[in-house]
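**Q** Please find one structure pasted underneath; my questions will follow.
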Ligand SMILES: Cc1cc2nc3c(=O)[nH]c(=O)nc-3n(C[C@H](O)[C@H](O)[C@H](O)COP(=O)(O)OP(=O)(O)OC[C@H]3O[C@@H](n4cnc5c(N)ncnc54)[C@H](O)[C@@H]3O)c2cc1C
């Protein structure tokens, strides 16, 4: 067993760290306040290869492994979790889904643009009545021979307003239950496709989350992903990898808050000494660091499992469950270490605390991760 990162991994981590400090940090508070999508920053991330990290170079991607991806996700998330969720959705849901299961034509037409950041993608599974229970899809796609007619509503869609291409899950044959679900590539601007207003959120306010409406949208048959009835499996397989990205996001939020708290505790004085010299504060730092390190090991193990071709359903669920819980706990403590300064925007930790919460909700709530883990444990 070797815990050492390769030279290449260190380079990628440092490049993400430098980018986050130079390009994401300035303006991060303002973007959060105004709920402003980081358009310029996303463009630069595309140019630097952060939007298609694991995609085969023949489709314009970086050809990197999942370890590289989680290292970059951690660094970006330390500074700006709104930017990192855009990276996560584009890489591990949209690009991965197309690379693993798309046809050659779909890869040439869509993946090549998504991998370079020329276009942005969104992944559309959730509906007003189908969140955790994703099998209850109400959106329908009726087979009309050479095309499908798509009708329904998707909600909570990340990149909802900014995406160019949307992977949309819909029911094609209700009688077949989840085996009658398909996934489709839908382009922005197609007749009958409307993007609803932006959600006003607690955290990751720079990312845009929208409801989408589909009214008799004509989707060519060649835009169905995989065999007929593959859509639910497609969504579950894709989300399993997506959870590694969200676990890395949670890890980064926790690590970012911890680093701010550690540094602050070395300069803030109370009772004649730096507050880190009070054992109550030093022990908080010890607990935070230990939980972060444990999260990092789970995230790395899940990424390694994926890279090795092992089943990663359980390891990604465990990584997301634990890292997201750590993100909540550590960010709350980071605010505490900052005292009153922790409660104002200037010191960043209050934003990280707000951002942390979503990691326990999207791509499967913590309760759903426990279902995945316990089913895996009890399967044999
Ligand atoms: C900011 C944001 C961005 C998002 N981005 C996307 C996106 O890009 N694409 C997308 O498709 N979706 C997205 N989502 C949706 C997200 O994945 C869902 O909100 C999540 O899966 C939970 O579904 P729900 O909100 O319907 O909650 P519900 O399913 O109604 O759950 C409510 C509560 O009940 C619990 N619960 C439900 N079932 C069980 C059970 N069987 N056992 C125990 N507890 C249970 C849940 O854990 C939760 O605590 C996003 C959500 C948000 C808030």
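**Q** Hey, with R₀ at 35 Å, roughly what FRET efficiency would residue 283 and residue 200 work out to, going by the Cβ-Cβ distance, to 0.05?
**A** According to the calculation, E is roughly 0.40.
**Q** Can you quote the Å³ per residue value for the convex hull of the Cα atoms in the stretch 179-219, rounded to an integer?
**A** Taking the convex hull of the Cα positions in the stretch 179-219, it is 116 Å³ per residue.
**Q** In Å, what is the Rg of the alpha-carbon atoms in the stretch 114-205, and how long is Dmax?
**A** Rg then Dmax for the stretch 114-205, in Å: 13.8, 44.
**Q** If you don't mind, another one. When only Cα pairs under 8 Å and 6 or more residues apart are kept, what is the percent relative contact order across the chain?
**A** That works out to 16 percent.
**Q** Taking springs between alpha-carbon atoms closer than 10 angstrom, which of 74, 329, 40 fluctuates most in the Gaussian network model of the chain?
**A** Among 74, 329, 40, the largest mean-square fluctuation in the Gaussian network model of the chain belongs to 40.
**Q** Taking Rh as the Kirkwood radius, which is the inverse of the mean 1/r over Cα pairs, what is the Rg/Rh value for the stretch 198-255?
**A** 1.09
**Q** Label residue 47 and residue 187 with points 7 Å out from Cα along Cα→Cβ: what is the distance between them in nm?
**A** 2.7
**Q** So for 69, 264, fewest C-beta neighbours within 10 Å to most, what's the order? Present the calculation step by step, with values, prior to reporting the outcome.
**A** Values: 69 28, 264 21.
Going from least to most buried by this count: 264, 69.
**Q** With r defined as the distance between the Cβ atoms of residue 307 and residue 174 and R0 fixed at 25 Å, what FRET efficiency is calculated, to the nearest 0.05?
**A** Given R0 = 25 Å and the Cβ-Cβ separation, E is 0.05.
**Q** Suppose each label sits 7 Å from its Cα in the direction of the beta carbon; what would the residue 25-residue 138 distance come out to in nanometres?
**A** For residue 25 paired with residue 138, the spin-label model returns 4.6 nm.
**Q** Which log10 I(q)/I(0) values, to two decimals, does the stretch 89-165 give at q = 0.15, 0.23 Å⁻¹ under the Debye formula with one point per Cα?
**A** -0.62, -1.16
**Q** Which of the three applies to the stretch 254-380, rounded, prolate or oblate, going by the alpha-carbon gyration tensor with a ≥ b ≥ c and a/c under 1.5 meaning rounded?
**A** Values: a/c = 2.97, a/b = 2.29, b/c = 1.30.
Prolate, since a/c reaches 1.5 and a/b exceeds b/c.
**Q** Shifting gears a bit: Cα axis of helix 366-378 to longest principal axis of the chain: angle in degrees, 0 to 90, nearest 10?
**A** Once rounded, the angle reads 80 degrees.
**Q** Against the globular-protein guess of 2.2 N^0.38 Å, express the Cα radius of gyration of the stretch 209-293 as a ratio, rounded to two decimals.
**A** This ratio for the stretch 209-293 stands at 1.99.
**Q** So if I take the alpha carbon set of the stretch 271-329, get Rg, then get Rh from the Kirkwood formula, what is the Rg over Rh ratio? Please list the in-between numbers first.
**A** Values: Rg = 16.0 Å, Rh = 13.0 Å.
Looking at the stretch 271-329, the ratio lands at 1.23.
**Q** May I ask for the Rg/Rh ratio of the stretch 334-380, computed from Cα atoms with Rh as the Kirkwood radius, given to two decimals? Numbers along the way, then the final one.
**A** Details: Rg = 16.6 Å, Rh = 12.8 Å.
Ratio of gyration radius to Kirkwood radius for the stretch 334-380: 1.30.
**Q** For Cα pairs less than 8 Å apart in space and 6+ apart in sequence, what is the mean separation divided by the residue count of the stretch 251-359, i.e. the relative contact order in percent? Write out the running numbers ahead of the final one.
**A** Numbers: 126 pairs, mean separation 37.5, N = 109.
Relative contact order for the stretch 251-359 comes out at 34 percent.
**Q** What fraction of the DSSP beta bridges in the chain is antiparallel, stated in percent and rounded to the nearest 5?
**A** Around 85 percent antiparallel, to the nearest 5.
**Q** Quick one: among 90, 277, 213, which has the greatest mean-square fluctuation in a GNM of the chain with alpha-carbon springs under 10 angstrom?
**A** 277
**Q** Ok, one more. Run the Debye formula on the Cα coordinates of the stretch 156-200, all scatterers equal and no solvent, and tell me log10 I(q)/I(0) at q = 0.14, 0.15 1/Å.
**A** -0.43, -0.49
**Q** In whole Å, what are the Cα extents of the stretch 49-123 along the three principal axes, biggest one first?
**A** 37, 22, 19
**Q** Also, I was wondering about something else. For the chain, build the convex hull from the C-alpha positions and give me its volume per residue in Å³. Numbers along the way, then the final one.
**A** Numbers: hull volume 52.8 nm³, N = 380.
Looking at the chain, the number lands at 139 Å³ per residue.
**Q** Measuring from label point to label point, each 7 Å out along Cα→Cβ, what is the residue 375 to residue 216 span in nm?
**A** Calculated label separation equals 3.8 nm.
**Q** Can you list, bin by bin at 10 Å, the percent of alpha carbon pairs in the stretch 296-366, starting at 0?
**A** Reading the bins upward from 0: 22, 37, 26, 13, 3.
**Q** I would also like to ask the following. Work out, in µm²/s and without decimals, the Stokes-Einstein translational diffusion coefficient of the stretch 1-85 at 20 °C, 1.002 mPa s, Rh from Kirkwood over C-alpha pairs. Don't skip to the end; give the middle numbers.
**A** On the way: Rh = 13.4 Å.
Diffusion coefficient, whole number: 160 µm²/s.
**Q** Also, I was wondering about something else. Placing one identical point scatterer on every Cα of the stretch 1-159 and ignoring solvent, what is log10 I(q)/I(0) from the Debye formula at q = 0.08, 0.12, 0.17, 0.21 Å⁻¹?
**A** -0.28, -0.61, -1.06, -1.31
**Q** Here's a follow-up. Evaluate the relative contact order of the stretch 140-179 (contact order divided by residue number), counting alpha-carbon pairs under 8 angstrom at least 6 apart; express in whole percent.
**A** 42
Read-outs throughout are calculated quantities, based only on the coordinates presented, and are distinct from any laboratory measurement. All values derive from a computational prediction rather than experimental measurement. FYI the Cβ positions are ideal-geometry reconstructions off the backbone, even for glycines, and counts take in every protein chain you see.
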